[in-house]
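Only one structure is covered here, and it is reproduced in the block below.
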Amino acid sequence: QMRCISDLSVCFTGVRNAEVLLYVHRCQCSCWCVRLSSCLIQFSFLPFFLSLLPASPLSPVPSPGLVSPSLCTTLIALLFTPALRCLLCRRCPQISHLLAPGSPPSFAQPRMDPLPLLIYLCTVLAPSHGFSVDVEVPIRFQEAAAGFGQSVVQFGSVNTGGLLVGAPLHTGDVNETGKVYKCDPGSRSCKEIPIQRPPDAVNMSLGLSLAARDSNLLVCGPTVHRACGQNMYVNGYCFLLDQSLRQLQRIPDTLAECPRPATDIALLIDGSGSIAPEDFTKMKTFLSEIMKRFHNTDTQFALMQYSHRFREHFDFLRYRSSRDPDGLLRSVWQLRGATYTATAIQKVVQDLFISWKGARDQATKILIVITDGEKSGDPLSYSDVIPEAERAGIIRYAIGVS
């Protein structure tokens, strides 16, 4: 077969990176093109591929205007990659031998201009919205705030809206972190949005989370730290803005208070003869200070004194109605006698930690025993009463008096 080596040309102008470049005689290229064109029309491959490309509401240039002839030729080149060539061969057996590398078209094919195929392909591409970012003339916004651009949301229309940009890492006044900016594509400038923060919004990282829906905007700072005892809690505030960026609402109005677990503490004091009177007076002062320290908490107390006798000075109900430590301890006098510590523990478990004396089922139960030493004359041992206290969920502490 004769081949016009001296008069070779590229069938599709602009195809440079295709795997198979069809350098064929000008008069032989036309039939290949018309067959490929009819196959694409039957297969509808390109329209399906292009329909997957999303439109962009952000582009300042109309999307159809972004499609150029170079894009047409680039996608034509993509047709010759191995995967697409294999797909076309299966769908169009009549051109499979033409797509095989090294198989030139026959000279018996009729002449035809490849222009119709190019017109068809670019007609398909023209109405498609192929890009969401204008790579030709981008609009850049830049601020010195730390973390600027970490969160971005578009709001409003092209004429009245803009971009909301967060800078959650920016450090401002004492314990104040985060800023939010409104950026205008028209003026290509950004302006900080003033947000009225509550006093407890410490290190909240304002602008870390942004959202826009209809005419409302939501600006959030989700990292407000609060120490509650030995635990650190992380909460946050959100601010609802209208389209004019006026603050409408703070969510929540205030942060929740630190959890206050309920605690019931039974105080069991040794009033036996081995305790010196001055030490017993110090013991009463110590009890008063303990109760005063828990004054603003959800804690209630009960008091029992023991020797070889037992006296309940006040239960949880009486403490709840009075909450006056000094008044409750004023009538406490030393019993004297032997030291029945184990029996006293049993009586506290059975007679004080009960609901009709004010003990709460959901509260943490604590027993504090204040004594000067080992028990004496007690018919019960600690092994008799400690398991009962454990079954009741009572936490036990002992304080020695010397």
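Some points to look at:
- All of (1) more than 25 Å from residue 298 (Cβ to Cβ); (2) in contact (Cβ under 8 Å) with a residue 24 or more places away in the chain; (3) open to solvent by 50 Å² or more (accessible area, probe 1.4 Å) hold for residue 249 with one exception: (2).
- Of all the numbered requirements in (1) at positive phi; (2) within 21 Å of the chain's Cα centre (by Cα); (3) part of a loop (DSSP other than H, G, I, E, B), residue 148 misses one, and that requirement is (1).
- Hits in the stretch 196-208 - residues which are in a loop (DSSP other than H, G, I, E, B) and open to solvent by less than 40 Å² (accessible area, probe 1.4 Å): 198, 201, 204, 205, 207
- Against the conditions (1) modelled with pLDDT under 95; (2) not in a loop (DSSP other than H, G, I, E, B), residue 346 satisfies every one except (1).
- Only one of 274, 321, 244 that is closer than 19 Å to residue 360 by Cβ, open to solvent by 30 Å² or more (accessible area, probe 1.4 Å) and of a type in the set (Gly, Ala, Ser): 321
- Meets criteria (in a strand (DSSP E or B) and in contact (Cβ under 8 Å) with a residue 12 or more places away in the chain) for residue 211: yes
- Any hit, the stretch 302-314, residues being assigned to a strand (DSSP E or B), among the acidic types (Asp, Glu) and open to solvent by less than 80 Å² (accessible area, probe 1.4 Å): yes
- Hits in the stretch 277-298 - residues which are open to solvent by 10 Å² or more (accessible area, probe 1.4 Å) and polar (S, T, N, Q): 281, 285, 296, 297
- Counted residues, the stretch 282-301 - those being assigned to a loop (DSSP other than H, G, I, E, B) and acidic (Asp, Glu): 1
- Once the stretch 167-195 is narrowed to residues that are modelled with pLDDT of 90 or more and assigned to a loop (DSSP other than H, G, I, E, B), the residue that is most open to solvent (accessible area, probe 1.4 Å) is 194.
- Across the stretch 179-191, the number of residues qualifying as touching a Lys or Arg at 6+ places or on another chain (Cβ under 9 Å) and either touching a residue at least 24 places away in the same chain (Cβ under 8 Å) or aromatic (Phe, Trp, Tyr) (or both) comes to 5.
- Summed over the stretch 356-381, the residues that are surrounded by 14 or more Cβ atoms within 10 Å (Cβ to Cβ) and not hydrophobic (A, V, I, L, M, F, W, C) give a count of 11.
The values are calculated or read from the model by the stated rules, or taken from the named source; none is laboratory data. What you are looking at is a predicted structure, and each value in this text was computed from that prediction instead of being measured. Backbone-built Cβ (ideal geometry, glycine too); neighbour counts: all protein chains shown. In case anyone asks, the SASA skips ligands and DNA or RNA and just uses the protein heavy atoms, side chains included. Shrake-Rupley method; radii C 1.70, N 1.55, O 1.52, S 1.80 Å.
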